[in-house]
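The values are calculated or read from the model by the stated rules, or taken from the named source; none is laboratory data. As the structure is a prediction and not an experimental result, all values here were calculated from the model. Cβ: placed from backbone, ideal geometry, glycine included. Neighbour counts: every protein chain shown.
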Amino acid sequence: MPDLQEDFWDNLLDYIDDRKVIPVIGPELVTVREDDGDVPLYRWIAQRLAGDLKLPIAELPEGFDLNDVVSMHQTQRLGQWRGLQPGRKAAGHGERGQDRDPVGCRQPQTAGHAGGAQRPGQ
């Protein structure tokens, strides 16, 4: 009697070859060897990127990921950019430079707010 586990793997590999099954590998399965253990690849990249960008790692959340690093970097860059704009108020409502958005952080305007369309009679 053939080994059932061996048959399973043979069938699975055939299904993958026939494109009937798509293997999905989660991020926790892709690791990098660091010091005395394995670290998930995306965590390792996030740590390296935070270091390269000289971000204050202590201010990142515990178990931070790439999204956390990029968000902090964009927030810092936006703050630096706003500081370079002459005549721009801290809240971003100054008269000069108001329509510029260097990192895509503009919030959508809604009805009844500055810049938003209002219905007649409102």
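Go through the residues of segment 76-89 one by one and say whether even a single one is within 30 Å of LEU12 (Cβ to Cβ) and either modelled with pLDDT under 90 or of a type in the set (D, E, K, R) (or both). Scanning segment 76-89 turns up no residue that is within 30 Å of LEU12 (Cβ to Cβ) and either modelled with pLDDT under 90 or of a type in the set (D, E, K, R) (or both). The C-beta contact set for segment 29-41 (first residue closer than 17 Å to LEU66 by Cα, second residue of a type in the set (Ser, Thr, Tyr) and in a strand (DSSP E or B), distance under 8 angstrom, 6+ apart or interchain) comprises VAL39/THR31; PRO40/THR31; LEU41/THR31.
Listed by first and then second residue, the pairs linking a residue in segment 14-26 that is farther than 25 Å from ARG43 by Cα to a residue that is part of a helix (DSSP H, G or I) and not polar (S, T, N, Q), with Cβ atoms under 7 Å apart and 6 or more places separating them unless they lie on different chains, are VAL21/LEU12; VAL21/TYR15. Residue count for segment 40-56 under the criterion of being among the basic types (Lys, Arg) and either under 22 Å from ARG77 (Cβ atoms) or assigned to a strand (DSSP E or B) (or both): the result is 2.
Residue-wise test of (1) part of a loop (DSSP other than H, G, I, E, B); (2) surrounded by fewer than 10 Cβ atoms within 10 Å (Cβ to Cβ); (3) in contact with a strand residue (DSSP E or B) (Cβ under 6 Å, 6 or more places away or on another chain).
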site	(1), (2), (3)
ARG19	yes, yes, no
ARG33	no, yes, no
ASP38	no, no, yes
ALA58	no, yes, no
